[in-house]
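Let me begin by presenting the structure, written as structure tokens, before commenting on it.
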Amino acid sequence: MTRVLFTALAVAVGGMALAADKGTAVTVGSLKGTTPADWKEETPSSSFRSYQFKLPKDAGDAEDAEVAVFKTPAGGGIDANLKRQVDKFKIADGVKKEDAVKVEDTKVGEFKGKYQDIKGTYKSSTAPNNPNAKVTEKEKFRMLYVIFEDDDKTVYSIWAVGPEKTVEKHKKGFEEFIKSFKK
């Protein structure tokens, strides 16, 4: 009897640990996904963002990375948005663009999209679409960027941006987050 109770208690506690390890549920159009548990949900910093998360910095990095989820009903198509993200970076002298910017096909749920990986000096802006906004250049930054269109041609994008080491630390979790989306 004691062994049965101990086993039941261990299963119950193990189940609670599993529930505590789950991240935040996210809805993007008709899709639902779940973030990794170590992502800290934040209040979005602009009305363009549906969700925003902080990713804990890697040892030696000065700041955390962030993930943002966007719905872009009038922001151009996939190619225009891929270019817009590249324009936020200055590629280091002597580095070929094709080495600093990688793009591949991906899927988010049932939808085809693109997965872009950019490295360089990030031109962080207080208001990205305002030419008079203050821009801060951040060296050795990286952005993982996924973009797709759903059935009604609404464009959605998800990015992780931050210091290269921190983004690399969270790359697997970012990719698992993207793969988690289902109808």
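The values are calculated or read from the model by the stated rules, or taken from the named source; none is laboratory data. Quick caveat, the model's predicted, so the values are computed rather than measured. Neighbour counts run over all protein chains shown; Cβ positions are idealised from the backbone, glycine included.
Name the residues in segment 88-110 that are touching a residue at least 40 places away in the same chain (Cβ under 8 Å) and either touching a Ser or Thr at 6+ places or on another chain (Cβ under 9 Å) or loosely packed, with under 14 Cβ neighbours inside 10 Å (or both), would you? Result: 88, 89, 90, 109, 110.
Within segment 130-140, can one find any residue that is out of contact with any Ser or Thr (no Cβ under 8 Å at 6 or more places or on another chain), hydrophobic (A, V, I, L, M, F, W, C) and touching a residue at least 12 places away in the same chain (Cβ under 8 Å)? The answer is no; no qualifying residue exists.
If you go through segment 141-163 and keep only what is more than 18 Å from residue 51 (Cβ to Cβ) and surrounded by 17 or more Cβ atoms within 10 Å (Cβ to Cβ), you end up with 141, 142, 149, 163. Restricting 82, 31 to those that are under 25 Å from residue 164 (Cβ atoms) and of a type outside the set (Asp, Glu) reduces the list to 82. Filtering segment 79-137 to residues that are farther than 27 Å from residue 177 by Cα and part of a strand (DSSP E or B) leaves 90, 135, 136, 137.
I want to confirm something. Restricting to segment 48-74 and keeping residues that are of a type in the set (Gly, Ala, Ser) and crowded, with 16+ Cβ neighbours inside 10 Å, which single residue is farthest from residue 165 (Cα to Cα)? The qualifying residue farthest from residue 165 (Cα to Cα) is 50. Of all the listed residues (161, 167), the sole one being modelled with pLDDT of 95 or more, part of a helix (DSSP H, G or I) and among the β-branched types (Val, Ile, Thr) is 167. For segment 65-105, residues that are at pLDDT below 95 and touching an Asp or Glu at 6+ places or on another chain (Cβ under 8 Å) total 2.
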